[in-house]
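Read through the structure below, which is laid out as structure tokens, and then see the notes.
Readers should treat all values here as calculations from the given coordinates under stated rules, not as data from a laboratory. Bear in mind that the values here come from a model prediction, so they are computed numbers and not experimental data. All Cβ positions, glycine included, derive from the backbone under ideal geometry; neighbour counts span all protein chains shown.
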Amino acid sequence: MLLLWYLKMLAAHLLTDFALQPNSWVEGRNAHHYTSRHIYYHIIMTMLIACLFDGFTNWVVPVVIGLSHFSIDLWKSYRPQKMLYFVLDQSMHILVILVTGLLLYPPDPAVSNSLQSIFRNEDYWAIVLALIFLAHPSGIIIGMLTGKWREQLADTSNSLADAGKWIGILERLIIFVLVVFDQYAAIALLTTAKSILRFSESKNAQERSEYVLIGTLISITFALVTGLIIKTFLPVSF
């Protein structure tokens with residue numbers, strides 16, 4: 001049951017740290033640190049989701065997750081917004097989850113998947129974790145990796161607000177599903193269609209075309225690798 005608990009808590013972490021945390025909360029925390037109300041909103045949300053995913057079985061879980069999350073986020077609010085501190089921040093959150101699980105739930109023999117419901121099935125929780133990762137954290141990482149090129153593109157007035165973000169999320173989720181079902185030809189059609197549309201928009205701007213291509217290839221790589229990991233290491237029948 002330890003692996004199952006880890007999958008639940010990691011899914012809860014990605015959900016609360018990315019999908020359920022608006023940019024305004026992050027900006028408020030970074031600007032005002034412990035005096036910001038947004039950091040407390042985030043911690044309350046984190047504790048509630050952790051408690052929900054744990055099944056309300058142990059009060060220690062939300063308390064430990066909440067206090068450690070507050071300390072780590074407060075530390076990060078004083079640091080520059082760079083990849084190094086993003087990685088350190090996420091590593092510390094995951095380390096807390098790993099240690100908490102080892103202390104509260106000793107490893108036990110694997111339970112047959114046929115006797116588990118979907119909610120208690122480790123394979124499906126791994127898929128939930130993969131989908132949350134592809135939807136939000138991977139997009140932030142891609143944004144950090146391509147940030148220096150994005151800054152060189154001064155004219156963004158012709159782009160819809162958050163359009164690139166949602167295109168990337170849908171692209172990664174679709175590719176993940178196609179990989180899981182071994183539909184690699186469809187992936188080629190999807191990426192070709194996107195390339196034609198995006199390059200036709202930016203045919204007079206080589207820099208923008210190169211930036212779109214870099215972001216697309218990184219996004220596709222995230223989706224392909226995640227899908228192949230699920231296919232390779234999980235005995236799930238599709």
The exposure ranking of 38, 32, fewest beta-carbon neighbours within 10 Å first, is 32, 38
Can you tell me how much longer the chain between residue 144 and residue 166 gets when fully stretched, taken as 0.36 nm per residue apart minus their C-alpha distance, in nm with one decimal? 6.3 nm
Using the Cα gyration tensor of region 1-52, the equivalent ellipsoid's semi-axes, largest first and to the nearest Å, work out to 25, 10, 8
